[in-house]
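Peer 1: My questions will all concern the structure given below.
The values are calculated or read from the model by the stated rules, or taken from the named source; none is laboratory data. Bear in mind the structure is a predicted one, so any value in this text is a computation, not a measurement. Cβ placement follows ideal geometry from the backbone for every residue including glycine, while neighbour counts extend to all protein chains displayed.
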Amino acid sequence: MYQYTDFDKQFVKLRAAQHRDQLERWQAGKLADDEFRPLRLQNGWYVQRYAPMLRVAVPYGELSSAQLRVLATIAREYDEPEAGVYAEALKIQGALGSAKLPTHYAHFTTRQNVQFNWIPLTKSADVMDLLASVNMHGIQTSGNCIRNITSDERAGIAVDEVADPRAFAEILRQWSTLHPEFAFLPRKFKIAIIGASEDRAATAWHDVGLHVIKNESGEIGFRVLVGGGMGRTPIPGTVIREFLPWNQIMNYLEAVVRVYNRYGRRDNMYKARIKILVKAEGQRYFDDVEAEFKQIVEHDGGAHTIPQAEYDRVAASFVPPSLADRPVVSAEAVDSQLRHAADADPLFARWLARNVAPHKNPALRAVTLSFKRRGQAPGDADADQLDTLAGLVDRFSAGEARVTHDQNVLLPWVSASELHALYTAARAAGFASPNVHLLTDMIACPGGDFCALANARSIPVAEAITERYQDLDELDDLGEIDLHISGCINSCGHHHTGHIGILGVDKDGKEWYQVTLGGSDGSDLSGAAVPGKVVGPSFSAAEVPDVIEAVLNTYRDLRANGETFIATLRRVGHDPFKTAANAARAVPAHAPVAA
Amino acid sequence: MKIIEAKDHTSPEGQAGVLVLDNTVDPQTVSLDGVSRVDLNFPKFTDGRAYSQAYLLRRRLGFAGEIRATGDVLIDQLVQMSRSGFDVAVLRAGVDIADAQRQFDRFSGFYQADAVNTRPLFARQAA
């Protein structure tokens, strides 16, 4: 992981002090609510349905065990609503049918960050100080600025990697942090960066997607995509540069963002993302960016051209950890040991097949701990679980973990010889559901139980589908499927990119759900990035599990041997799936509904 | 950065050498001959177009006169205004100037180069 310098550490502490200053001025009435809001947002403090929400930045998803322990402390000691707030929340959500609203827990997000839902704003400055003690913060996790940069959960360890993107991600983190010119853009601005052939970070769905590539001469550079985004108008990004020399990335992004800051729409927040500007201007936007880039380099002097020495300094933090204290076991011995353990325990065999991925170092594996299981919402971990997780990270993964885009936690440095020991410990902790990339490994936002923006709840829908699909044989038989659930069109649950997407909508004050099919996040399995298509009028919450089942049964009826859900859908088309989904309605969509 | 109260801000109306630029204007398309002060406006403090205009004036065009921030100017944006090339800010009425100086003293440095400090942290540290 990146080793924070004295400057880096001090910077985070000063930012925490600045938040305390702003909080105190707000409490003293010197800062109006409207003036404080954009400031607290740029430190990750929202005010949600019932209480503030804190979004903690996890730069490109990398977390240390020490950071996990502090997150556990925050969950345990601070993630607690005032009694009146909680009673009110329980009453209102209870009327909707939510039986519980958990407290004292953290939530892993699709942007590799961590959220808390109940910390009173009055305690926010203390929490920021605590976070700063382990170099953490909420800088630019919200607001109309350059957000925390995300990356491939397997960055630096993937077998299909061209070049490690992490040093670039860190350099861009520094460049974007408190950038004076780009703190009040027309709208939020998200960057994702990968260096592998497979896209595990949904880069096409970001305002800027960066692919580290090699050109024909073997030089490292970037393919730059711009103008991707979800929301009301889902548009995959377009390539603006096929190859940009690696040391020009900050200069180029300065051009991309400056042109957007000057010309992006500010009259309508739903048309303010860069995707709308790129769509409206097309080649003219590209030309403006290239002209501005030329000026930055040739006239302004290209101040942010990355010197080799600076790249080397940052990259030196990302060397693999020393594994000298681990026992040396031959590959043959490991294979035989794993085979015996898998023969003796079919669940372990499933887990090996589903949750364990190959690694650049043949003695190591990348292991996904699943946070998708009964009884807790997707991506949730309570205080004790976070502490347990920190213990596993220390014992098996050299103290480092990664938050994944799919809301799980990946351990990047696990010895193959320790897989069974890890499995045993993870299973005891409840992190070993053998379901990675299967139906129940779904993405879901916090939805209407917590979020002020949501039109409908996500968690009960996720729960109902999880309950219905508990048979491991059935899940395996259904194979890899991306099920994504969002509680509103802001698309935090990435419903547009689900092979099956579920979107909460509000009709006459009631919760309804639109189902889409055929979306892709751009992964190898899913194909080129594309939004899903709606199957028909929206469904009631009670109908949703039946609709999903009808769609999945249609797949089983129509699939060719070994064909995945998404491949079958693409081959046969949407019609049979739509027909099945609409037939699963309890009440025909167009029939008058009895009061 | 010079901070002035709204009451001390002289209207640019009819003043020689003062240019008022609307947020939609590209500073690279106007003549700066005889201009000693450019007023840029923040219609809302969350509208950040004037930061890019100030950068272009100061860094791209080498404008050496005064760049004045007007409109919805609050103390929490003063540091970034200064870094973007503004050297005078007219605080919105009712804002406590005493709280402003603290914001300038807070950070010892920043990562990026800007319109004023033209070398990023890595270049300053390597020197």
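Peer 1: Just to be sure before I move on: is residue A:37 out of contact with any helix residue (DSSP H, G or I) (no Cβ under 7 Å at 6 or more places or on another chain) and within 14 Å of chain B (Cβ to nearest Cβ) in the structure I sent?
Peer 2: yes
Peer 1: A further question follows. Is one or more of the residues making up region A:431-451 at positive phi and not assigned by TED's automatic domain parsing to the domain that holds residue A:366?
Peer 2: Yes, because at least one residue in region A:431-451 is at positive phi and not assigned by TED's automatic domain parsing to the domain that holds residue A:366.
Peer 1: Something else now. For region A:178-246, please list each of the strands (runs of 3 or more DSSP E) lying entirely inside it that holds at least 2 residues being under 20 Å from the mean Cα position of the chain (by Cα).
Peer 2: Strands (runs of 3 or more DSSP E) meeting the threshold: A:191-194, A:208-214, A:220-226.
Peer 1: Here's a follow-up. Which residues, counting only those in region A:562-588, are in a loop (DSSP other than H, G, I, E, B) and either surrounded by 12 or more Cβ atoms within 10 Å (Cβ to Cβ) or modelled with pLDDT of 95 or more (or both)?
Peer 2: A:563, A:564, A:573, A:574, A:584, A:585, A:587
This table checks each residue for (1) within 14 Å of chain B (Cβ to nearest Cβ); (2) without any contact (Cβ under 8 Å) to a residue 60 or more places away in the chain.
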site	(1), (2)
A:146	yes, no
A:163	no, yes
A:167	yes, no
A:182	yes, no
A:192	no, yes
A:196	no, yes
A:203	no, no
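Peer 1: When you go through A:341, A:331, A:363 one by one, which is the residue that is over 25 Å from residue A:168 (Cα atoms) and touching a Pro at 6+ places or on another chain (Cβ under 8 Å)?
Peer 2: A:331
Peer 1: Going residue by residue through region B:62-70, is there one that turns out to be in contact with a helix residue (DSSP H, G or I) (Cβ under 9 Å, 6 or more places away or on another chain) and facing chain A (nearest Cβ under 10 Å)?
Peer 2: Checked region B:62-70: no residue is in contact with a helix residue (DSSP H, G or I) (Cβ under 9 Å, 6 or more places away or on another chain) and facing chain A (nearest Cβ under 10 Å).
Peer 1: Identify, by number, the condition in (1) in contact with a helix residue (DSSP H, G or I) (Cβ under 8 Å, 6 or more places away or on another chain); (2) surrounded by fewer than 22 Cβ atoms within 10 Å (Cβ to Cβ); (3) in a loop (DSSP other than H, G, I, E, B) that residue A:549 doesn't meet.
Peer 2: With (1) in contact with a helix residue (DSSP H, G or I) (Cβ under 8 Å, 6 or more places away or on another chain); (2) surrounded by fewer than 22 Cβ atoms within 10 Å (Cβ to Cβ); (3) in a loop (DSSP other than H, G, I, E, B) applied to residue A:549, the lone miss is (3).
Peer 1: While we're on this one: Search region B:71-111 for residues being within 19 Å of residue B:51 (Cα to Cα) and of a type in the set (Ser, Thr, Tyr), and hand back the single one that is farthest from the chain's Cα centre (by Cα).
Peer 2: Checking each candidate, the answer is B:111.
Peer 1: Would you check if there is a residue in region A:269-280 being within 29 Å of the chain's Cα centre (by Cα), more than 26 Å from residue A:168 (Cα to Cα), of a type in the set (Gly, Ala, Ser) and within 13 Å of chain B (Cβ to nearest Cβ)?
Peer 2: Within region A:269-280, one or more residues are within 29 Å of the chain's Cα centre (by Cα), more than 26 Å from residue A:168 (Cα to Cα), of a type in the set (Gly, Ala, Ser) and within 13 Å of chain B (Cβ to nearest Cβ).
Peer 1: Considering A:48, A:67, which residue is more than 14 Å from chain B (Cβ to nearest Cβ), under 30 Å from residue A:413 (Cα atoms) and under 20 Å from the mean Cα position of the chain (by Cα)?
Peer 2: When all the criteria are applied, what remains is A:67.
Peer 1: From the list A:489, A:502, which residue is assigned to a strand (DSSP E or B) and within 24 Å of the chain's Cα centre (by Cα)?
Peer 2: Only one candidate passes the filter, namely A:502.
Peer 1: Still on this structure: Looking at region B:63-73, can you tell me whether even one residue there is out of contact with any strand residue (DSSP E or B) (no Cβ under 6 Å at 6 or more places or on another chain) and within 23 Å of residue A:25 (Cα to Cα)?
Peer 2: no
To keep it simple, each residue is scored yes or no on (1) modelled with pLDDT under 95; (2) crowded, with 23+ Cβ neighbours inside 10 Å; (3) assigned to a helix (DSSP H, G or I).
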{"position": "A:123", "(1), (2), (3)": "no, no, yes"}
{"position": "A:138", "(1), (2), (3)": "no, yes, no"}
{"position": "A:148", "(1), (2), (3)": "no, yes, no"}
{"position": "A:168", "(1), (2), (3)": "no, yes, yes"}
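Peer 1: Looking at the structure I just gave you, is residue A:176 within 14 Å of another protein chain (Cβ to nearest Cβ), under 20 Å from residue A:318 (Cβ atoms) and not aromatic (Phe, Trp, Tyr)?
Peer 2: For residue A:176, the condition - within 14 Å of another protein chain (Cβ to nearest Cβ), under 20 Å from residue A:318 (Cβ atoms) and not aromatic (Phe, Trp, Tyr) - is met.
Peer 1: Of everything in region B:13-41 that's in a strand (DSSP E or B) and within 14 Å of chain A (Cβ to nearest Cβ), which residue is farthest from residue B:60 (Cα to Cα)?
Peer 2: Once the filter is applied, the top-ranked residue is B:41.
Peer 1: May I ask you to list pairs of residues, at least six apart or on different chains, whose Cβ atoms are under 6 Å apart, with the first in region B:84-111 being at the interface with chain A (Cβ under 7 Å from one of its Cβ atoms) and the second being of a type in the set (S, T, N, Q) and surrounded by fewer than 17 Cβ atoms within 10 Å (Cβ to Cβ)?
Peer 2: Pairs found: none.
Peer 1: Name, by its number, the condition in (1) within 21 Å of the chain's Cα centre (by Cα); (2) at pLDDT below 95 that does not hold for residue A:530.
Peer 2: Of the numbered conditions (1) within 21 Å of the chain's Cα centre (by Cα); (2) at pLDDT below 95, the odd one out for residue A:530 is (2).
Peer 1: So, residue A:27, is that one surrounded by fewer than 22 Cβ atoms within 10 Å (Cβ to Cβ) and either under 27 Å from the mean Cα position of the chain (by Cα) or of a type outside the set (Asp, Glu) (or both) or not?
Peer 2: yes
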